[in-house]
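Written below as structure tokens is the structure these notes are about.
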Amino acid sequence: MILATCRETQPGETRVSFIPEGVPALMKLGLEVVLESGAGEAAGFPDQAYRERGARLESRRELLPQAEILCQFHPPTPEDIAQLSPGAVVISLLYPLTRLPLVAEMAKRGLTVFALDLLPRISRAQSMDALSSQTTVAGYRAVVLAASLLPRFFPMLMTPAGTIPPARVFIIGAGVAGLQAIATARRLGAIVEAHDVRPVAKEQVESLGARFVGLEKEAAASEDSSGYAKAQSEEFLRRQRELIAAQCQKADVVITTALIPGKPAPILIAKEAVERMRPGSVIVDLAAEQGGNCELTEPGQTVVRSGVTLCGLLNPASALAPQASLFYSKNLQAFLSLLMKEGALQIQTEDPIFGQTLICRAGQIVHEGVRKASE
Ligand code: NAD
């Protein structure tokens, strides 16, 4: 079967679905690997490196109609969908609930579509968990960026010229990105505090050497059956904003990562909280893609408000494209290994890994949640 990937066309996207080192393992699954010429260039992987490992390079126009499986970070555009052959399999980070017209178009074209962002967060699926691999990169990137924007040291310094106390970092949202941000800030020598609505996050935060900051009375039911945070009541959010404002006032750096699947990011830092922060302090808003956790965030922009540098970081994993691509390549390889049996596709929908990620098949939207949202 022909496994293809094209250059990503989203502005600022530098990652590629497969790295050259990943090609031999894919070929062992019985797949012929074909890439659009130049697909890996922005991530630092030239065409020649893929060729040397047995892949074929083609133009986009030649490649799309032959693709039997197409793997991308971002779903194909309507123009690409029209080029794909009916029956082809498309695997990407789709976020189908936010892209219903595109999903309908893919179903109409007869494509078999998987959304890797809907992979169940179970131990067996960890090696395929692209959300975790990419948000791990994002959490690291946010701290390193904040450290470069902050006009002071992160670690404590004791020198003949004086002693400098460590920077204080406050992380909001202690999921995958937040935990990696905590670990990175600790490695750089900062004092770290973190907050989350899920009480289970406390132990994880503390195991990384940070202090957990919670509300006295936690949200009654703060997480759903998949372990994701639920949207909170206005009253809860009001009390939470007060707590967060007090923490922000003490912090040199605030990293925000709070997300609710399928919903806009909750606003947790009000304008007034930014105004009360120390001049020179930095906020990196990793929720910018979903609107941001700070009222003043401008997605994709770095702005200074009341002396505070506020960075609405978009696609942070792209800044570390070679390694973000390596992770994704491994995630896809694990997913494909389970999907392929003796060189042919076998979609076992009773397996939650496929049951929960399969969106379209044989001209229909087969994912219940997406179908209901489309009606
Ligand atoms: P996410 O990106 O959806 O959200 C990031 C964090 O924001 C979460 O910790 C969430 O609780 C928090 N949050 C949401 N609303 C908030 C609010 N109002 N205030 C403060 N914090 C808020 O989450 P994620 O990082 O993708 O993780 C989702 C869940 O999946 C977590 O429970 C995580 O531990 C779990 N997980 C499990 C595995 C596994 O293999 N078992 C792998 C990855 C993640």
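The values are calculated or read from the model by the stated rules, or taken from the named source; none is laboratory data. The structure displayed is predicted, hence computed values, not measured ones. Backbone-built Cβ (ideal geometry, glycine too); neighbour counts: all protein chains shown. Areas reflect the complete protein model, heavy atoms only, side chains present, ligands, DNA and RNA absent. Shrake-Rupley method; radii C 1.70, N 1.55, O 1.52, S 1.80 Å.
Which numbered condition trips up GLY175, out of (1) over 17 Å from GLY227 (Cβ atoms); (2) touching a residue at least 40 places away in the same chain (Cβ under 8 Å)?
The one condition GLY175 does not meet is (1).
Residues to consider are LEU145, LEU179, LEU157; find the one that is open to solvent by 20 Å² or more (accessible area, probe 1.4 Å) and within 12 Å of the ligand (Cβ to nearest atom).
On the way: LEU145 fails: within 12 Å of the ligand (Cβ to nearest atom); LEU157 fails: within 12 Å of the ligand (Cβ to nearest atom).
Answer to the selection: LEU179.
(1) in contact with a helix residue (DSSP H, G or I) (Cβ under 8 Å, 6 or more places away or on another chain); (2) open to solvent by 10 Å² or more (accessible area, probe 1.4 Å); (3) not in a strand (DSSP E or B): which one isn't true of PRO151, the others all being true?
Here PRO151 clears every test but (1).
For CYS360, work out the one condition from (1) open to solvent by 60 Å² or more (accessible area, probe 1.4 Å); (2) assigned to a strand (DSSP E or B) it doesn't fulfil.
CYS360 satisfies all of (1) open to solvent by 60 Å² or more (accessible area, probe 1.4 Å); (2) assigned to a strand (DSSP E or B) except (1).
Quick one: would you say VAL103 is part of a helix (DSSP H, G or I), within 16 Å of the ligand (Cβ to nearest atom) and surrounded by 22 or more Cβ atoms within 10 Å (Cβ to Cβ)? I'd like the intermediate steps shown before the answer.
Values: part of a helix (DSSP H, G or I): yes; within 16 Å of the ligand (Cβ to nearest atom): no; surrounded by 22 or more Cβ atoms within 10 Å (Cβ to Cβ): yes.
Taking the combined requirement at face value, the residue does not satisfy it.
Do we have PHE335 as open to solvent by less than 10 Å² (accessible area, probe 1.4 Å), touching a residue at least 12 places away in the same chain (Cβ under 8 Å) and aromatic (Phe, Trp, Tyr) here? Talk me through it step by step, then tell me what you get.
Values: open to solvent by less than 10 Å² (accessible area, probe 1.4 Å): yes; touching a residue at least 12 places away in the same chain (Cβ under 8 Å): yes; aromatic (Phe, Trp, Tyr): yes.
Taking the combined requirement at face value, the residue satisfies it.
Any residue at all in region 124-141 that is of a type outside the set (Val, Ile, Thr), in a loop (DSSP other than H, G, I, E, B) and open to solvent by 10 Å² or more (accessible area, probe 1.4 Å)?
Step one: of region 124-141, the residues of a type outside the set (Val, Ile, Thr) are 124-134, 138-141.
Those left that are additionally in a loop (DSSP other than H, G, I, E, B): 129.
Checking the rest, the ones that are also open to solvent by 10 Å² or more (accessible area, probe 1.4 Å) come to 129.
Among the residues of region 124-141, at least one is of a type outside the set (Val, Ile, Thr), in a loop (DSSP other than H, G, I, E, B) and open to solvent by 10 Å² or more (accessible area, probe 1.4 Å), which makes the answer yes.
Which number in (1) surrounded by fewer than 17 Cβ atoms within 10 Å (Cβ to Cβ); (2) of a type outside the set (Ser, Thr, Tyr); (3) at pLDDT 95 or above; (4) closer than 22 Å to LYS202 by Cα marks the one condition that ARG121 misses?
(3)
Does region 184-201 contain any residue that is modelled with pLDDT of 95 or more, within 18 Å of the chain's Cα centre (by Cα) and outside any loop (DSSP other than H, G, I, E, B)?
The answer is yes; a qualifying residue exists.
Quick check on region 275-285. Is at least one of its residues modelled with pLDDT of 95 or more, part of a helix (DSSP H, G or I), in contact with a Lys or Arg (Cβ under 9 Å, 6 or more places away or on another chain) and open to solvent by 20 Å² or more (accessible area, probe 1.4 Å)?
Taking region 275-285 as the starting set, the residues that turn out to be modelled with pLDDT of 95 or more are 275-285.
With the extra rule that they be part of a helix (DSSP H, G or I), the set shrinks to 275.
Filter once more, keeping what is in contact with a Lys or Arg (Cβ under 9 Å, 6 or more places away or on another chain): 275.
Still in the running and open to solvent by 20 Å² or more (accessible area, probe 1.4 Å): 275.
Yes.
Out of everything in region 182-210 that is among the hydrophobic types (A, V, I, L, M, F, W, C) and within 11 Å of the ligand (Cβ to nearest atom), what residue ends up being surrounded by the most Cβ atoms within 10 Å (Cβ to Cβ)?
The initial filter retains those residues of region 182-210 that are among the hydrophobic types (A, V, I, L, M, F, W, C), namely 182-183, 185, 188, 190-192, 194, 197, 200-201, 205, 208, 210.
Then keep just the ones that are within 11 Å of the ligand (Cβ to nearest atom); that gives 194, 197, 200-201, 205.
Working: ALA194: 29, VAL197: 25, VAL200: 11, ALA201: 22, VAL205: 23.
Looking at the filtered set, the residue picked out is ALA194.
Kindly list, by first and then second residue, each pair from a residue in region 140-166 that is closer than 15 Å to GLY189 by Cβ to a residue that is among the hydroxyl-bearing types (Ser, Thr, Tyr), limited to pairs with Cβ atoms under 6 Å and residues at least 6 apart or on different chains.
VAL143/THR184
Condition check: at positive phi and either in contact with a strand residue (DSSP E or B) (Cβ under 8 Å, 6 or more places away or on another chain) or of a type in the set (Phe, Trp, Tyr) (or both). Does TYR50 satisfy that?
On the way: at positive phi: no; either in contact with a strand residue (DSSP E or B) (Cβ under 8 Å, 6 or more places away or on another chain) or of a type in the set (Phe, Trp, Tyr) (or both): yes.
Spelling it out, it is not the case that TYR50 is at positive phi and either in contact with a strand residue (DSSP E or B) (Cβ under 8 Å, 6 or more places away or on another chain) or of a type in the set (Phe, Trp, Tyr) (or both).
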